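Single-structure report; data block below.
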Amino acid sequence: MPEPALPAPIRSAPVVLLPDAGPLITLAYADALELLFKPGWPVLLVDMVLHEITRNQMPTSDKLAHWAAASKLPVLATQTFQHHPHALAAQATRTTRLGELAIQETMTALALEQTAQTGVFLFEDHKIARAGFFVPDNCRKASTRAFLLFLQQQGWLESAVEIERRAIQAGRSFSALRFPPAP
């Protein structure tokens, strides 16, 4: 797999944030995409995830496309996305969950680089929380809700619940699953 071409400041960052489509959509509904930058970590978009959030006309697709372009976020190329048009042309049955597969590919690349860099995979889908999703030692997975609570605990967000409420009021069907589960 070719190594992602990232600017030096991102390569040297101790933590990078890799959001899946679900958290991006939820934060877009809540008009809170800027929260992804609160920890000061570089936010990297995986090409397949960017495609997933902008390919169909949905309430947040234009907002997310504009935000990604205006934020000048690095977009990581993956073999998963390169394969996607071929899978569609061949009418392959597996064309869903490709964003997660592309993020898995990116996390594996981070692990193979053997750097001290940590990748944080931000997800919302309950299937990922319960699945045997491989997370390399230098990567972590966090749900949208857990990320919002982290921001609140750090004093970077007044209320995680308020962001959830705004997303739901705007029409987002937000996952009721709590990950990690409450003790």
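The values are calculated or read from the model by the stated rules, or taken from the named source; none is laboratory data. Just so it is clear, the structure is predicted and the values come from calculations on it, not from any experiment. Cβ sites come from the backbone with ideal geometry, for glycine too, and all protein chains shown count toward neighbours.
Key figures for this structure:
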| read-out | value |
| --- | --- |
| Residue list for segment 43-80, filter: over 19 Å from ALA30 (Cα atoms) and among the polar types (S, T, N, Q) | ASN56, THR78, GLN79, THR80 |
| Residue check, PRO9 in contact with a Leu (Cβ under 8 Å, 6 or more places away or on another chain), farther than 27 Å from SER173 by Cα and either modelled with pLDDT under 80 or in a loop (DSSP other than H, G, I, E, B) (or both) | no |
| Members of segment 18-67 that are farther than 23 Å from ALA109 by Cβ and touching a residue at least 60 places away in the same chain (Cβ under 8 Å) | ILE25, THR26, LEU27, TYR29, ALA30, ASP31, ALA32, LEU35, LYS38, PRO59 |
| Yes/no for LEU149 being more than 15 Å from the chain's Cα centre (by Cα), within 20 Å of TYR29 (Cα to Cα) and modelled with pLDDT of 90 or more | yes |
| Qualifying residue in segment 96-113 (condition: out of contact with any Cys (no Cβ under 9 Å at 6 or more places or on another chain), at pLDDT below 80 and either of a type in the set (Lys, Arg) or not in a helix (DSSP H, G or I) (or both)) | yes |
| Within segment 12-77, helices (runs of 4 or more DSSP H) holding 3 or more residues that are on the phi < 0 side of the Ramachandran plot and in contact with a strand residue (DSSP E or B) (Cβ under 8 Å, 6 or more places away or on another chain) | 47-54 |
